[in-house]
Amino acid sequence: MARDAERPLRADAQRNRDRILAAAVRVFSEEGLHAHFERIAREAGVGTGTLYRNFPTREALIEAAYRNEVARLCDAAPALLATLPPDEALRAWTRRFIDYVTAKFGMADALRAVVASGSDPYVDSHEMIQSALSALMNAGTAAGTIRSDIRPTDMFAALAGIALTSARPEQREQAERLLDLVLDGLKAVPPGPGS
């Protein structure tokens with residue numbers, strides 16, 4: 001919207017927008033492409049007029065909800081690094097990554113409709129996620145808590161594999177075990193005797 005490009009939203013308007021986006025992810029994940037705007041508005045605690053004022057089309061809402069999920073995932077990396085040791089920050093972030101993929105998986109039909117309409121909700125998302133993951137891994141390498149011979153692209157491939165096989169909500173326990181396995185393999189090994 002032109003208004004968004006000109007000036008930031010008021011605090012209350014931003015809160016409404018954030019609630020709408022969070023509700024949209026939940027509802028589109030549960031109901032798919034044909035989720036009702038009225039339910040999204042009700043779950044967000046706003047009127048349908050507020051929803052339509054922010055997102056005049058279904059595609060605009062779906063794309064914004066997805067992009068918001070990517071931004072939330074990526075914005076979590078510096079916040080986690082500010083409050084946790086790097087290896088724990090990486091562990092916490094990988095759980096958020098699975099949450100993100102679970103939401104994306106639930107919204108798959110809705111996202112395909114956005115792509116079919118000619119938009120690309122995925123533009124920049126891979127680079128943003130890779131950058132967040134790199135920051136976490138670089139911090140862990142600098143702290144000596146994770147191996148330096150594993151590249152962020154390798155870790156991303158492992159996370160993507162876990163996501164492809166275990167991203168459904170009912171598979172969360174398996175995803176957690178697989179994440180632990182990968183993260184345990186990422187730990188720096190202290191030099192042994194005679195090294």
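Looking at the structure I just gave you, is ILE98 at pLDDT below 95, hydrophobic (A, V, I, L, M, F, W, C) and more than 19 Å from the chain's Cα centre (by Cα)?
Against the criterion (at pLDDT below 95, hydrophobic (A, V, I, L, M, F, W, C) and more than 19 Å from the chain's Cα centre (by Cα)), ILE98 does not qualify.
Would you please name the residue that is nearest to the chain's Cα centre (by Cα), looking only at residues in segment 27-57 that are surrounded by 18 or more Cβ atoms within 10 Å (Cβ to Cβ) and at pLDDT below 90?
Across segment 27-57, the extreme among qualifying residues is SER29.
Looking for something surrounded by 13 or more Cβ atoms within 10 Å (Cβ to Cβ) and over 14 Å from PHE97 (Cα atoms) - is there at least one such residue anywhere in segment 165-173?
Looking for residues that are surrounded by 13 or more Cβ atoms within 10 Å (Cβ to Cβ) and over 14 Å from PHE97 (Cα atoms), one finds at least one in segment 165-173, hence yes.
Looking at segment 76-95, I want the residues that are more than 22 Å from ILE162 (Cα to Cα) and have a partner that is among the hydroxyl-bearing types (Ser, Thr, Tyr) and surrounded by 14 or more Cβ atoms within 10 Å (Cβ to Cβ) with Cβ atoms under 9 Å, at least 6 apart or on another chain. Which pairs are those?
The qualifying pairs are PRO85/THR145.
What do you reckon, is ALA79 at negative phi, assigned by TED's automatic domain parsing to the domain that holds ASP180, among the hydrophobic types (A, V, I, L, M, F, W, C) and surrounded by 14 or more Cβ atoms within 10 Å (Cβ to Cβ)?
no
The values are calculated or read from the model by the stated rules, or taken from the named source; none is laboratory data. What you see is a predicted model, and the numbers here were worked out from it, not measured in a lab. Every residue, glycine as well, gets a Cβ built from its backbone with ideal geometry; the counts of neighbours run over all protein chains shown.
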